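Take a look at the structure set out below.
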């Protein structure tokens, strides 16, 4: 039987017949991650079975992440890696540049210093193949954990997660983790209004919820950054996060319709 293109599962069979076609684009924002990136890529190489392309999104050509990868081709052999120069600087610019360069059915945003969660990626893809438009890596479900987090960040993150799930009824136990998988529909359709840090991720989540699109969780670990300094700026980003936090409550309690979600009028992925 020859599968017909046009539905998710037939296209999956066709994808298996052509393993050279990426089924997943992995967006990795970097900023001088030369001391950890090879360990992260090694785990992706070892544990991810989904046909994937890795997009290394960088601000400057002298970023030591690039030189570390290029100096050790034997350690990334077999991985499809592309370097993407960001259209604007910062975390937001890196991720948006990665989205623009992506074309796979699913897009994952993955931390450059995460050398312990690669084994969860195939499970995230499986959830997406079952229909989830966003798959959240959750620290707050069985099998997940958060280790070494500073008290202020931990308090804010846990409070947001608890209230969004139990009060706003957002269908994920971890709304603020930036480690997240998005369907092509989400990438192509939802207008991003945020312009700072990782706020885009919460924004896409709460808009997906308002649209009524499926959201799923898988357990994941979070360990305080081992190398360098974390660029998660809690106090600076709180006002921007608050906007989308309240957006989730408005969906549930004001019953704002899907038509209130800003969607893209036009979006062209980079070729």
### Query
Calculated FRET efficiency, residue 126 and residue 103, Cβ-Cβ r, R0 22 Å, to nearest 0.05?
0.60
### Summary
In nanometres, the difference between 0.36 nm per residue of separation and the alpha-carbon distance of residue 42 and residue 154 is 37.4 nm
### Task
With label points built 7 Å along Cα→Cβ from the Cα atoms of residue 35 and residue 21, find their separation and express it in nm.
4.3
#### Entry: the range 49-135: C-alpha gyration tensor shape, a/c 1.5 cut-off, then a/b vs b/c
oblate
### Summary
Which of 137, 175, 101 fluctuates most in a GNM of the chain (C-alpha springs under 10 Å)? That residue is 101
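By counting other Cβ atoms within 10 Å of each Cβ, how are 237, 244 ranked from fewest to most?
237, 244
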### Message
Per q in 0.10, 0.11, 0.16 Å⁻¹, report the Debye log10 I(q)/I(0) for the chain, using one uniform scatterer on each alpha carbon and no solvent.
### Response
-0.49, -0.60, -1.34
### Query
In what order do 31, 166 fall by count of nearby beta-carbon atoms within 10 Å, going from fewest to most?
166, 31
### Query
Looking at the chain, what % of its DSSP beta bridges pair antiparallel, to the nearest 5?
25
### Neighbour-count ranking [beta-carbon atoms within 10 angstrom, fewest first] of 203, 43
43, 203
### Task
Go ahead and set up a Gaussian network model of the chain, Cα springs under 10 Å, then flag whichever of 79, 181, 44 fluctuates most.
79
### Query
Measuring from label point to label point, each 7 Å out along Cα→Cβ, what is the residue 224 to residue 249 span in nm?
3.1
### Message
Run the numbers for residue 70 and residue 242: contour at 0.36 nm per residue of separation, minus the present Cα-Cα distance, in nm.
### Response
57.9 nm
### Task
For residue 82 paired with residue 49, estimate the spin-label separation in nm (one decimal), with each label point 7 Å from Cα along the Cα-to-Cβ line.
2.6
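Any read-out appearing in this document is the output of simple, stated calculations on the displayed coordinates, not a laboratory observation. No experiment lies behind these values; they were computed from the predicted model shown. In this analysis, Cβ positions are derived from the backbone assuming ideal geometry, glycine residues included, and neighbour counts consider all displayed protein chains.
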